[in-house]
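Notes to accompany the following structure.
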Amino acid sequence: PEKLGGQDLGMIPMEILAASLASCTAITLRFYAGHKGITLPPFQVKVAHKHTVKAATQESVLQLDVTLHFE
């Protein structure tokens, strides 16, 4: 953050979590397909994230949506 002397260019923690989930999903899918002898077409893993805080209870909710797209 700029207030700590940075340039505010880094990822926020939820973006890091989403990127980690996407890469882990892709690696696991490739590993499992290889183990089963399945040839995978090119594919993409996309993870969307949404963080909300419920006003009444202050409950923090993180929603991660994972989409696999195979060519």
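Simple rule: put +1 on each Lys or Arg Cβ and -1 on each Asp or Glu Cβ in the chain, find the dipole, and look at 58, 19, 35; the Cα lying farthest toward the positive end is 35.
What is the helix-to-structure angle for 13-35, meaning the angle in degrees between its Cα long axis and the longest Cα principal axis of the chain, kept from 0 to 90 and rounded to the nearest 10? Taking the Cα atoms of the chain, the angle to 13-35 is about 10 degrees. Cα to Cα, under 13 Å, and not fewer than 8 places away if on the same chain: which aspartates and glutamates meet these conditions relative to residue 50? Here the aspartates and glutamates satisfying the reach criterion relative to residue 50 are 15, 65. Based on C-alpha pairs under 8 angstrom that are at least 6 apart in sequence, the chain has a relative contact order of 27 percent.
The share of accessible area on the chain that comes from carbon and sulfur is 59 percent, using a 1.4 angstrom probe.
Solvent-accessible surface of the chain, taken per residue with a 1.4 Å probe and all protein chains present: 83 Å². In the chain, the calculated helix contribution to ellipticity at 222 nm averages -11500 deg cm²/dmol per residue, counting -39,500 (n - 2.57) for every DSSP H run with n ≥ 4.
The values are calculated or read from the model by the stated rules, or taken from the named source; none is laboratory data. These numbers were taken from a predicted model, which means no experiment stands behind them. Because the Cβ atoms are built from the backbone with ideal geometry, glycine has one as well, and the counts that use them run over all protein chains shown. Surface accessibility is based on the protein's heavy atoms, side chains included, excluding ligands, DNA and RNA. Shrake-Rupley method; radii C 1.70, N 1.55, O 1.52, S 1.80 Å.
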